[in-house]
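*Asks:* There's a structure below that I have some questions on.
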Amino acid sequence: MSQTFAIGIDIGGTNTDLGLVRSDGECLTRLNFPTTDCTTADTFVERLCAAIGELLEKSGSPTLLGIGIGAPNGNSLTGCIEEASNLPQLSNLPLKQILEERLHLPVAVGNDANAAALGEMVYGGAKDLQDFVTITLGTGVGSGIVINRRLLLGVHGNAGEIGHSILVPDGRLCSCGRRGCVEEYASARGICKTFAELRQAKGSYNGMLDGFADNQLSPKLIAEAAQQGDALSIETFERTGYYLGLACANVVSHLAPQKIFLMGGPTQAGSLLMNPTRKSFDDNLLSIYKSQVEIELTHLRSNDAAILGAAALINL
Ligand SMILES: [Zn+2]
């Protein structure tokens, strides 16, 4: 069977990454530029088109199915990036329309968390699944819900905000203005907050991260300390897993998926996070679902996942 190609573009607040993706999920050529260099929508579009041209030239001008773009608040129904707090210069820019007119290729825009779900479906561990959910742990917590092999979009294209479901009544203040959202416990900053809270509650801590102020912490540092036996860091991942497992058990009550895939930076902690997550999930799962739903790590390589997800937007 002949291979087809798509370009996947992940627009982030800091960097824009582009890659040429073959239909078997191999990311062949990639390049990136700092999104922050482009202070207006016009300069961004110019830079992006130049980068697409460069990518195609490097790749020997393959025949493309189209271009998929994943971005925070990317909306597949409108083809715009809406109200992007990290990308104010691109807010409400009709990116799909602009690029289709300029490049004469199909363009699909979607939110990065939904794109991740499509990436898992087209190129990853959900190739043979009908119903699954992906949860991306990063600065926030994003999620994509696939039912009967279709991404759930909701009325306005923004379904699947599992990160903003309230897990702890009157809990930590969330970036959305409410309290106790999953995101405040399971995102990178949630993990750091948990460590900081535990450290403060203990009163005295002489562990490996003693020299790090709360604002210098990262999940990577905490995971490294936990791997070397730091008790407070291990407890931080146990708490995080407890919350994440609880959130996943709630997801199953709503959607009864075949699998839940976890991805994003903090999942690189591996069993440190996965073991307590699976335990809490099992402890809190409604009995009718017991042994029916698995939580797995994404099958996509972490540095390709965003580009593959974006490319998958065009494959549907
Ligand atoms: Zn929230």
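*Asks:* Could you name the lysines whose alpha carbon sits less than 28 Å from that of K127, not counting residues in the same chain fewer than 8 places away?
*Replies:* K96, K259, K279, K290
*Asks:* With helices defined as uninterrupted DSSP H runs, which ones in the chain have an alpha carbon span along their own long axis of at least 30 Å and mean Kyte-Doolittle hydropathy of at least 0.5? Intermediate values should be presented prior to the final figure.
*Replies:* Numbers: long enough: 231-255 (35 Å, 0.57).
Taking the DSSP H segments of the chain (at least 30 Å long, mean hydropathy at least 0.5), we get 231-255.
*Asks:* Say we join alpha carbon atoms closer than 10 Å with springs in a Gaussian network model of the chain; which of N15, N250, N75 then has the biggest fluctuation?
*Replies:* Among N15, N250, N75, the largest GNM mean-square fluctuation belongs to N15.
*Asks:* Turning to a different aspect of this structure: According to a simple spin-label model (label point 7 Å from Cα along Cα-to-Cβ), what is the distance in nm between S302 and T40?
*Replies:* Reported label-point gap for T40 and S302 is 3.9 nm.
*Asks:* Treat each spin label as a single point 7 Å out from the Cα along the C-beta direction, and report the S175 to N206 distance in nm.
*Replies:* So the label points at S175 and N206 sit 3.8 nm apart.
*Asks:* What length, rounded to one decimal in nm, is gained on full extension from H156 through to Q258, with 0.36 nm per residue of separation minus their alpha-carbon distance? Intermediate results must be reported in sequence, preceding the final value.
*Replies:* Details: separation 102, 0.36 × 102 = 36.72 nm, distance 2.57 nm.
Taking 0.36 nm per residue and subtracting the Cα distance, the gain is 34.1 nm.
*Asks:* Moving on to the next point. Under the definition of Cα pairs under 8 Å and six or more residues apart, what whole-number percent is the relative contact order of the chain?
*Replies:* Result for the chain is 20 percent.
*Asks:* What is region 128-297's relative contact order, in percent, from Cα pairs under 8 angstrom and six or more apart in sequence? Display every interim value, and only then the final one.
*Replies:* Numbers: 294 pairs, mean separation 40.0, N = 170.
That works out to 24 percent.
*Asks:* Also: Please list 286-296, 158-168 highest first by mean number of surrounding beta-carbon atoms within 10 Å per residue.
*Replies:* On the way: 286-296: 12.5, 158-168: 19.1.
Packing order, densest peptide first, comes out as 158-168, 286-296.
*Asks:* May I pose another question? How would you order 85-91, 205-211 from highest to lowest mean count of nearby Cβ atoms within 10 Å?
*Replies:* Numbers: 85-91: 16.0, 205-211: 13.7.
Output ranking for 85-91, 205-211: 85-91, 205-211.
*Asks:* Determine which lysines satisfy two conditions relative to K193: a Cα distance under 21 Å, and not lying fewer than 8 residues away in the same chain.
*Replies:* K193 reaches K202, K220.
*Asks:* For the chain, what does -39500 (n - 2.57) per DSSP helix run (n ≥ 4), summed and divided by total residues, give at 222 nm, in deg cm²/dmol to the nearest 500? Mind dumping the intermediate values first?
*Replies:* Values: 9 runs with 114 residues, N = 316.
Mean residue ellipticity at 222 nm (helix-derived): -11500 deg cm²/dmol.
*Asks:* Which value in nm describes the separation of the simple spin-label points at T14 and D283, placed 7 Å from the Cα toward the beta carbon?
*Replies:* Going from the T14 label point to the D283 one covers 3.4 nm.
*Asks:* While we're looking at this one, here's another question. Amide H to amide H, which residues 5 or more places from E296 or on other chains are under 5 Å from it, using H placed in the peptide plane?
*Replies:* I260, F261, L262
*Asks:* List the relative contact order of region 18-96 as a percent without decimals, with contacts defined as Cα pairs under 8 Å and 6+ residues apart. Walk me through the numbers on the way to the answer.
*Replies:* Values: 76 pairs, mean separation 16.9, N = 79.
Relative contact order comes out at 21 percent.
Computed from the coordinates by the stated procedures, all read-outs in this text should not be read as laboratory data. Bear in mind that the values here come from a model prediction, so they are computed numbers and not experimental data. Cβ coordinates were reconstructed from backbone atoms using ideal geometry, including for glycine residues, and neighbour counts include every protein chain displayed.
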